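The values are calculated or read from the model by the stated rules, or taken from the named source; none is laboratory data. Values in this document were obtained by computation on a predicted structure and should not be read as measured data. What goes into the accessible areas is simple: the full protein's heavy atoms, side chains included, and nothing from ligands, DNA or RNA. Shrake-Rupley method; radii C 1.70, N 1.55, O 1.52, S 1.80 Å.
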Amino acid sequence: MGNDDAPTMKGSTVNLSPSDVLHILGPGFDGLVGYSPIAMAKNAIGMVIACEKYGAKFFANGAQPSGVLKHPGTLKDPSRVRESWQSTFDGSHNANKVAVLEEG
C-alpha cells in the first residue's frame, strides 16, 4: 500500500508477466492446474443437499431399509400391493407396526 508506482485500474489495461503473478494451485490431478474452488464448493453443497434428503427419507421410514414382499404366484397389479404396503407401514408414525403375512 502507499506505493505510488503501482498501476491504476481506471479504464486502463495492465499487462503482467507470469513472473509477476503468484498462482497458488489448489488440489488437482497433474500439479499444474488446480480445481476451481467455486466448482468444488458447488459440488460439496450438492452433496450435502442429497445427504439431507436421503437422511430425512431414511429416518422418516423408521431408519429401516426397504424390504421384499414375496408372492407365490403372479400379481395382477403389483403397484396396488406396493401402495397398500407403503400406506400401512411407511413413515415414522407407522414405525414398529406388526406385519401380518398370509399364505407363506
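Things worth noting here:
- Straight-distance crosslink candidates among lysines, where the alpha carbon sits under 28 Å from residue 97 and sequence neighbours closer than 8 are dropped: 53, 57, 70, 76
- Rolled with a 1.4 Å probe across the full set of protein chains, the surface gives residue 75 an accessible area near 70 Å².
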